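Asks: So that we are looking at the same thing, I have put the structure below in structure tokens.
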Amino acid sequence: MRAPAAPCINTSRQALCRVFVPPMERTRLLPLPVSVLLPCPRQRIGRGVSCQLRSYVRKPPPGRGPRGQTSAAATEQVARDERGFDKRYTTQTDIDRSGRDRPPRDHEITDPEIMVIDNGVTEGPLSTAYVLTKLEAHESLRMIQPYVPADRKNPDSKFSYAVCKIVNKADEYERQKQLKEKKKAAAGKPKTKELELTWAIGDHDLGTKMRQMGGFLAKGFKVEVLVAKKKGGKQVEGREAEAVVRRLREEVERNGGREAKPATGTPGGTMKFYLEGKQN
């Protein structure tokens, strides 16, 4: 169907306006062009499709960033769904995976809220960011117990906030230094091994025990050897008991050891030897 013809606007009025009216006033007096008055005809591009004069920018789907990347909010929600709690809370597993040999401290602590021990008094839960702003220059916030999440399989289970302590940096340094020295000293002390045998032990078993004892002494260990009567078994006294004592002391000497202090008890009864391996 053809569109109606446009009305002619080249009238005498228009001609007079062009002669006598300044250009700035013409737009007010003259009628608008037909192209403006008439609606824009739809241009048929294809069957059932027409042109669109304005393009609308579609909003990205919620939780999505540019180029389809997941936004921070969506990432946070995914982490929360997988862990069952805010990923910023630090568990013992997180500490083990961090590569550090200690729990987080000060601004390493990402937990939004924590329990705080200050001068022996526990307070909280408090905002971690707030607590950090209250620290003096000589103070430090140290995590001493990580966050414990609730058991998702147990509906009655409850979570526990991480426990952090406000410490004096100088005092804590000295305390840690003393702990390291104690550990080092304990590691340097020879370990004590214990062996038990009876006076009626056979030659083969005695030889096995003596080799075991000699191995400990050769490595520098302390060895305590208890020799006693066998309950309900053969009772050994006199020369046989003396022979066991003699064999034991020969083995000690052969491996470079010595008796750290005199043996207690008597041969044939209950006797204990305190031996010490050679020190490098």
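Asks: Would you check if there is a residue in region 196-208 being of a type in the set (Ser, Thr, Tyr), closer than 28 Å to LYS261 by Cα and assigned to a helix (DSSP H, G or I)?
Replies: As a first pass, look at region 196-208 and keep what is of a type in the set (Ser, Thr, Tyr): 198, 208.
So of that shortlist, the ones also closer than 28 Å to LYS261 by Cα come out as 198, 208.
Narrowing the set further to residues that are assigned to a helix (DSSP H, G or I) leaves 208.
Yes; the residues of region 196-208 include at least one that is of a type in the set (Ser, Thr, Tyr), closer than 28 Å to LYS261 by Cα and assigned to a helix (DSSP H, G or I).
Asks: Answer yes or no: is there a residue in region 168-187 that is in the same structural domain as PRO149 (by TED's automatic domain parsing) and in a strand (DSSP E or B).
Replies: Yes - at least one qualifying residue is present in region 168-187.
Asks: In contact with a strand residue (DSSP E or B) (Cβ under 7 Å, 6 or more places away or on another chain) and of a type in the set (Val, Ile, Thr): is that true of VAL244 in this structure? Let's see the steps before the verdict.
Replies: Working: in contact with a strand residue (DSSP E or B) (Cβ under 7 Å, 6 or more places away or on another chain): yes; of a type in the set (Val, Ile, Thr): yes.
For VAL244, the condition - in contact with a strand residue (DSSP E or B) (Cβ under 7 Å, 6 or more places away or on another chain) and of a type in the set (Val, Ile, Thr) - is met.
Here is a yes/no grid of residues against (1) outside any strand (DSSP E or B); (2) over 22 Å from ASP203 (Cα atoms); (3) basic (Lys, Arg):
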| position | (1), (2), (3) |
| --- | --- |
| GLU224 | no, no, no |
| LYS234 | yes, no, yes |
| VAL244 | yes, no, no |
| ARG247 | yes, no, yes |
| GLU253 | yes, no, no |
| GLY268 | yes, no, no |
| LYS272 | no, no, yes |
| LYS278 | yes, yes, yes |
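Asks: Let me ask something additional. Identify all residues within region 229-245 that are farther than 21 Å from PHE216 by Cβ and touching a residue at least 40 places away in the same chain (Cβ under 8 Å); write none if there are none. Walk me through how you get there before you give the answer.
Replies: Taking region 229-245 first, the residues farther than 21 Å from PHE216 by Cβ are 229-243.
Listed by number, the residues that qualify are LYS229, GLU240, ALA241.
Asks: Which of the residues that make up region 100-140 are among the polar types (S, T, N, Q), farther than 12 Å from ARG88 by Cβ and outside any strand (DSSP E or B)?
Replies: ASN119, THR133
Asks: Let me ask something additional. Failed condition for GLU259, given (1) outside any loop (DSSP other than H, G, I, E, B); (2) in contact (Cβ under 8 Å) with a residue 60 or more places away in the chain; (3) not basic (Lys, Arg), with all others met?
Replies: Among (1) outside any loop (DSSP other than H, G, I, E, B); (2) in contact (Cβ under 8 Å) with a residue 60 or more places away in the chain; (3) not basic (Lys, Arg), the lone unmet condition for GLU259 is (2).
Asks: Quick one: which of LEU226, LEU275, LEU248 is touching a residue at least 60 places away in the same chain (Cβ under 8 Å), surrounded by 14 or more Cβ atoms within 10 Å (Cβ to Cβ) and either touching a Leu at 6+ places or on another chain (Cβ under 7 Å) or within 30 Å of ALA187 (Cα to Cα) (or both)? So that I can check it myself, show each step before the final result.
Replies: Values: LEU226 fails: touching a residue at least 60 places away in the same chain (Cβ under 8 Å); LEU248 fails: touching a residue at least 60 places away in the same chain (Cβ under 8 Å).
Going through LEU226, LEU275, LEU248 in turn, the sole match is LEU275.
Asks: Now for a different question. Among the candidates ILE117, ILE201, ILE144, which residue alone is touching a helix residue (DSSP H, G or I) at 6+ places or on another chain (Cβ under 8 Å) and in contact (Cβ under 8 Å) with a residue 12 or more places away in the chain? Working first, answer last.
Replies: Values: ILE117 fails: touching a helix residue (DSSP H, G or I) at 6+ places or on another chain (Cβ under 8 Å); ILE144 fails: touching a helix residue (DSSP H, G or I) at 6+ places or on another chain (Cβ under 8 Å).
None of the others qualify; the one that does is ILE201.
The values are calculated or read from the model by the stated rules, or taken from the named source; none is laboratory data. The structure presented is a predicted model; accordingly, all values stated were derived computationally and were not measured. Ideal geometry is used to build each Cβ from the backbone, glycine not excepted, and the neighbour counts take in all protein chains shown.
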